[in-house]
Amino acid sequence: MDRPLKLGLAGLGTVGASLARLVKDRQELYARRAGRPIEIVAVSARDRMKDRGVDLSAIEWFDDPVALAEKADIDVFVELVGGSDGAAYDSVKAALGRGLTVVTANKALLAHHGVQLARLAQKKNAAILFEAAVAGGIPIIKTMREALRGNATSRVYGILNGTCNYMLTRMEKEGIAFEDCLADAQRLGYAEADPTFDIGGFDAAHKLAVLTSLAFGCEIDLDSIFIEGIDQVSNADIEAAAELGFRIKLLAVAQRTETGIEQRVHPTMIPASSALAQIDGVTNAVAVDTDLLGSILLAGPGAGGEATASAVLSDVIDAAGSARVPPLGLPANELAPYKRARMRAHEGGYYIRLSVLDQVGAFASIARRMAENGISLESIVQRRRDQTDDGATRPVVLITHETTEAAVRKALEHVSRDGHLRGEPRMIRIEALN
Ligand code: NAP
Ligand code: HSE
């Protein structure tokens with residue numbers, strides 16, 4: 001057998017510790033699959049004394065991931081520290097600068113610096129592999145970068161954050177409060193170190209930014225993504241959605257439109273009968289609409305130590321061979337500039353929940369404002385009172401036919417100004433899915 005593939009592992013948390021355990025426990029299997037032994041020869045984390053569930057005493061320790069990336073005698077630098085900047089960014093840059101192969105699960109890093117890092121990798125004849133960065137264990141990166149190469153993609157969308165899907169599922173099925181669901185997701189190792197990245201939609205946006213580049217051969221453009229998290233989704237919305245035949249999911253969508261590429265992450269009402277609506281718990285799912293193959297859907301665990309380590313291992317085993325594919329599918333200097341489609345031009349159906357004051361003419365006035373803005377209503381339903389409504393208001397749910405985001409926002413501004421509402425209107429976009 002060839003000489004071992006030497007790994008330097010930065011980060012020994014949920015994913016890093018799982019990876020270290022697997023590399024040790026399955027060394028024979030991985031050696032056969034890689035054609036050479038795989039050894040971790042250097043590690044880095046903050047706390048040297050912490051028990052990681054694996055014996056690391058014979059492995060060289062670095063307090064600083066950057067020092068590991070710069071100095072350790074390694075072939076592959078595995079970055080599992082996290083964060084878009086700081087130690088993760090500096091160490092990855094240092095490793096690529098040395099011409100090493102980098103394996104990372106860090107979507108924040110890629111969303112902010114992916115194109116720059118791809119260029120650096122190209123210049124230094126290095127490689128950057130990131131199967132674990134999007135949708136945890138689901139092999140979506142290789143699928144889009146390699147298996148779908150013969151197709152043109154028109155849309156990629158899915159459930160890309162395990163924490164949010166786990167929380168929405170438990171809120172819906174068990175009626176558990178938002179904060180309690182979040183605490184459980186953190187305890188299970190699903191959430192980011194700062195969970196506002198999950199519930200605010202930013203983690204899903206980081207992943208979407210990477211998928212958009214692979215789908216459309218363009219530069220990564222995180223700033224163009226319209227982002228809304230699940231923090232405003234209430235039990236009342238979930239209940240109303242169910243009664244109307246929908247489920248609420250945090251969806252990430254990138255699609256080609258006539259004006260450019262539309263990227264958005266927001267709570268979405270999807271038909272309860274659709275395939276995506278069946279995706280529960282920490283499971284992620286990614287759908288890709290292509291011209292030759294049609295639509296495919298990949299689903300599987302989107303977070304957790306072993307599920308994510310599974311994807312990291314696939315990159316590590318690839319790194320043992322010699323085949324190289326450009327990180328974003330095209331040579332970095334051939335990526336097209338990102339062309340943005342404005343969110344206000346987005347077209348679709350909308351769910352709108354209003355807290356309407358019990359006043360004569362309120363309904364008529366709301367319906368008139370919708371009509372004035374060219375919005376056709378599929379239904380308008382006065383719902384029973386819930387804990388958010390006192391005696392003076394009634395919850396009212398409107399479902400619109402397809403219209404534009406600009407029209408809905410303008411109509412709601414008028415409705416709010418007319419003085420028939422208490423509080424802000426709540427709006428959830430509806431996605432037409434099979
Ligand atoms: P984590 O549990 O928070 O672990 C982070 C590790 O990095 C810890 O071992 C920590 O050291 C170390 N670290 C942090 N800052 C450091 C610094 N300045 N210098 C040296 N070491 C430092 O994170 P994780 O959940 O394993 O996630 C790692 C990466 O994988 C992130 O990019 C994350 O987004 C991504 N990811 C995670 C999952 C998941 O399900 N958890 C799934 C897909 C992708 P100490 O342990 O000593 O504190
Ligand atoms: N916090 C992320 C999630 C981890 O919940 O999906 C996987 O990227």
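Derivation of every value follows stated rules applied to the coordinates shown; laboratory data play no part. From a predicted model like this one, the values you see are computed outputs, not experimental measurements. Backbone-built Cβ (ideal geometry, glycine too); neighbour counts: all protein chains shown.
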Next item on the list: Pairs to check: LYS249/LYS339; LYS207/LYS410; LYS93/LYS142. Give those whose C-alpha atoms are more than 25 Å from each other in this structure.
Entry: LYS249/LYS339; LYS207/LYS410
Next item on the list: Just tell me which lysines come within less than 25 Å, Cα to Cα, of LYS24; anything on the same chain fewer than 8 places away is out.
Entry: LYS6, LYS50, LYS71
Checklist line | Taking the chain and dividing mean pair separation by its residue count, relative contact order in percent (alpha carbons under 8 Å, at least six apart) | finding: 16 percent
Notebook entry, point to check: Any idea what log10 I(q)/I(0) is at q = 0.23 Å⁻¹ for the stretch 289-401, Debye with uniform C-alpha scatterers and no solvent?
Noted result: -1.29
Notebook entry, point to check: By how many nm would the segment from ARG417 to ARG342 grow when fully extended, if each residue of separation counts as 0.36 nm and the alpha-carbon distance is taken off?
Noted result: 24.5 nm
Check: Going by a ≥ b ≥ c, the root eigenvalues of the Cα gyration tensor, does the stretch 11-99 fall in the rounded group (a/c under 1.5), the prolate group (a/b larger than b/c) or the oblate group?
Finding: oblate
Notebook entry, point to check: For HIS401, what is the net charge nearby, where nearby means another residue's Cβ is under 12 Å from its Cβ and Lys, Arg count +1, Asp, Glu -1?
Noted result: -3
Next item on the list: Counting helices only, and only those DSSP H runs with n ≥ 4, report the 222 nm mean residue ellipticity of the chain as the sum of -39,500 (n - 2.57) divided by its residues, in deg cm²/dmol to the nearest 500.
Entry: -10000 deg cm²/dmol
Check: So what is log10(I(q)/I(0)) for the stretch 79-125 at q = 0.23, 0.30, 0.33 1/Å, when the Debye sum runs over its Cα atoms only?
Finding: -0.72, -1.20, -1.37
Item checked: Whole-angstrom gap from the stretch 225-292 to the stretch 156-188, using each part's C-alpha centre -> 14 Å
Notebook entry, point to check: Distances over 27 Å make up what percent of all Cα-Cα pairs in the chain?
Noted result: 55 percent
Notebook entry, point to check: Going through the stretch 227-261, which GluC sites (Glu not before Pro) have at most 14 other Cβ atoms within 10 Å and a DSSP loop state?
Noted result: GLU258
Next item on the list: Specify, per residue and in Å³, the volume enclosed by the convex hull of the alpha carbon atoms belonging to the stretch 350-430.
Entry: 83 Å³
Check: By how many nm would the segment from ARG52 to ASP194 grow when fully extended, if each residue of separation counts as 0.36 nm and the alpha-carbon distance is taken off?
Finding: 49.0 nm
Check: For the stretch 141-301, what is the largest minus smallest coordinate of the Cα atoms on each principal axis, given in angstrom and ordered from greatest to least?
Finding: 45, 34, 29
Check: Taking amide hydrogens as modeled 1.01 Å from N in the peptide plane, which residues meet the under 5 Å criterion relative to THR283, leaving out close sequence neighbours?
Finding: GLY302
Notebook entry, point to check: Counting only residues 5 or more places away or on other chains, whose amide H sits under 5 Å from the amide H of ALA341 once H atoms are built in the peptide plane?
Noted result: ILE261, GLU262, GLN263
Next item on the list: Please report how far the C-alpha centroid of the stretch 77-107 lies from that of the stretch 7-66, rounded to the nearest whole angstrom.
Entry: 16 Å
